[in-house]
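Enquirer: Take this structure, written in structure tokens, and hold onto it; I'll ask about it next.
The values are calculated or read from the model by the stated rules, or taken from the named source; none is laboratory data. If you're wondering where the values come from, they're calculated on a predicted model, not measured in any experiment. Note that each Cβ is placed from the backbone with ideal geometry, even for glycine, and that neighbours are counted across all protein chains shown.
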Amino acid sequence: MNEKPWFGIGRNGQTFFRWDEANADRNDRLFFAILVDEEIACTLALRAAAWQRELGLAGKLVRAGHFHISLVLLGDYDGLPKPLVEAACRAGSLVRAQAFDVAFDRLSAFGGGALVLRGGNGIPPLQAFWRALGCVLADTPLKSLVPNSIEPHVTLLRDRAHVAKIGERSIEPIGWTVREFVLIHSFLGQHRYQVCGRWQLDGQDHAHPVM
């Protein structure tokens, strides 16, 4: 699928979304995600480099500070529409959930030549949180952007030529307690992230995101 979600404002002032052909000039991506715990990310960066050498892979390793679990993609744009960011932040502040544990125990290939971590059991607590986020988004203009399912993974590197040949393997589990989720602005092609919103998972209703 080469289409991307597109956000706009109609003449009546109402927001809308549609699916357009992907445009190479769109350099700004917005998405909800869970960042890997900082301490775990540092360890994971070392393990990712070791797997790269062991498997004879090329490609650029993901930076430790960029390891994440994608939740909902809100689209690629040529400059982020301010109303989109505001709508996403409002939605994020309405999510009520408790902290939960995640663990990844599989190393495998994924789409686009990505080498990723996956959970053999599908990581039910993460699935439950994703559904909670989806329920909130379903009552907003962003509802059309919520996918029907999620495949939890953490991307370590991309190598389109060689990763597809890698068979899935069991690894020592890599886990942490998820205590927050974020809204990320990714500057495509620049390997740069900006956190637009951050919400704690403490079961409370957060009226304002922590920037």
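Enquirer: Applying the selection to segment 50-71, what residues are within 15 Å of Val154 (Cβ to Cβ) and assigned to a helix (DSSP H, G or I)?
Expert: Pass one, segment 50-71, residues within 15 Å of Val154 (Cβ to Cβ): 51-52, 61-71.
Once the filter is applied, which keeps residues that are within 15 Å of Val154 (Cβ to Cβ) and assigned to a helix (DSSP H, G or I), segment 50-71 yields Trp51, Gln52, Ala64, Gly65, His66.
Enquirer: Going by the conditions given, is Thr177 under 18 Å from Val85 (Cβ atoms), hydroxyl-bearing (Ser, Thr, Tyr) and in contact (Cβ under 8 Å) with a residue 40 or more places away in the chain? Reasoning before the result, please.
Expert: Working: under 18 Å from Val85 (Cβ atoms): no; hydroxyl-bearing (Ser, Thr, Tyr): yes; in contact (Cβ under 8 Å) with a residue 40 or more places away in the chain: yes.
Answer is no for this residue.
Enquirer: Something else now. For segment 15-35, check the following and say yes or no: at least one residue is modelled with pLDDT under 55, among the β-branched types (Val, Ile, Thr) and assigned to a strand (DSSP E or B). Full working, then the answer.
Expert: Step one: of segment 15-35, the residues modelled with pLDDT under 55 are 15-23.
Still in the list and also among the β-branched types (Val, Ile, Thr): 15.
Retained after the next criterion (residues that are assigned to a strand (DSSP E or B)): 15.
Checked against the condition, which is being modelled with pLDDT under 55, among the β-branched types (Val, Ile, Thr) and assigned to a strand (DSSP E or B), segment 15-35 yields at least one hit.
Enquirer: May I pose another question? In segment 82-193, which strands (runs of 3 or more DSSP E) lie fully inside it and hold 1 or more residues that are small (Gly, Ala, Ser) and surrounded by 19 or more Cβ atoms within 10 Å (Cβ to Cβ)?
Expert: Of the strands (runs of 3 or more DSSP E) lying wholly inside segment 82-193, those with at least 1 residues that are small (Gly, Ala, Ser) and surrounded by 19 or more Cβ atoms within 10 Å (Cβ to Cβ) span 114-118, 180-187.
Enquirer: Among the candidates Leu133, Leu145, Leu126, Leu94, single out the residue that is in contact with a strand residue (DSSP E or B) (Cβ under 8 Å, 6 or more places away or on another chain), farther than 16 Å from Leu35 by Cα and touching a residue at least 24 places away in the same chain (Cβ under 8 Å).
Expert: Working: Leu133 fails: farther than 16 Å from Leu35 by Cα; Leu126 fails: farther than 16 Å from Leu35 by Cα; Leu94 fails: in contact with a strand residue (DSSP E or B) (Cβ under 8 Å, 6 or more places away or on another chain).
Going through Leu133, Leu145, Leu126, Leu94 in turn, just one is in contact with a strand residue (DSSP E or B) (Cβ under 8 Å, 6 or more places away or on another chain), farther than 16 Å from Leu35 by Cα and touching a residue at least 24 places away in the same chain (Cβ under 8 Å): Leu145.
Enquirer: Just wondering, is there one or more residues in segment 122-139 that are within 24 Å of Tyr193 (Cβ to Cβ) and touching a His at 6+ places or on another chain (Cβ under 7 Å)? Steps first, answer last, please.
Expert: Narrowing segment 122-139 to residues within 24 Å of Tyr193 (Cβ to Cβ): 123, 126, 129-130, 132-134, 136-137.
Now drop any that are not touching a His at 6+ places or on another chain (Cβ under 7 Å), which leaves none.
Looking for residues that are within 24 Å of Tyr193 (Cβ to Cβ) and touching a His at 6+ places or on another chain (Cβ under 7 Å), one finds none in segment 122-139, hence no.
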